[in-house]
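First up is the structure itself, then whatever we jot down about it.
What follows draws every value from the coordinates through simple rules; no lab data is involved. Please read these numbers as outputs of a predicted model, since none were measured by experiment. Note: ideal-geometry Cβ built from the backbone for every residue, glycine included; neighbour counts use all protein chains shown.
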Amino acid sequence: MATAKKTLSRSRTLAPGQSSPAAEWFARLTVSGQLLLFGGVAGVVVAFLPLVSLSGSVVEFPAGAMVIDDWRGLASVVGYLAAIVLAVALYPAQGASRRNHLWAAVGVGTVLVLLGVWLFIAAARTGGFAYAEAGTLRTGLGAMLNLAAAGCVVLGAVWKARQERLV
């Protein structure tokens, strides 16, 4: 009998055929929830990528300015963490989804897109300057991927709103 059970941790065992609560929750996520969750997690990771990069004729290296170094990037990280929390809140373990949190997710996604565009424009304005000894300053990968992560968050939130027939 003891060999028929899978052990998750020291204090909890699952019978054969049962899955963990985290796996059950992830299975409840639709594509909209997965986009919302992926956008939030990706946005937090992207915040540590370079906002601008300095490229020389011999070697390329980051200029040291990350997305999170700018106040818009820091505000975006807070928004991405909120998107992760809202992904959990919109797909609860028991019962129907909480529709009143849905507009918060759409609002967070919209603010993230606006901050991402603003940050990208700010990075693009600094890019293109040639420094005689160092090379050329260009828009970094973090500024571009920040926009993509914000797009995932807003797309997931609007998609969920359409599923709930709110839009």
Problem set entry | Distance (nanometres) between label positions extended 7 Å along Cα→Cβ at Gln34 and Trp118 | 3.3
Exercise. Which order do peptides 24-31, 83-90 fall in by mean Cβ count within 10 Å, highest first?
Worked result: 83-90, 24-31
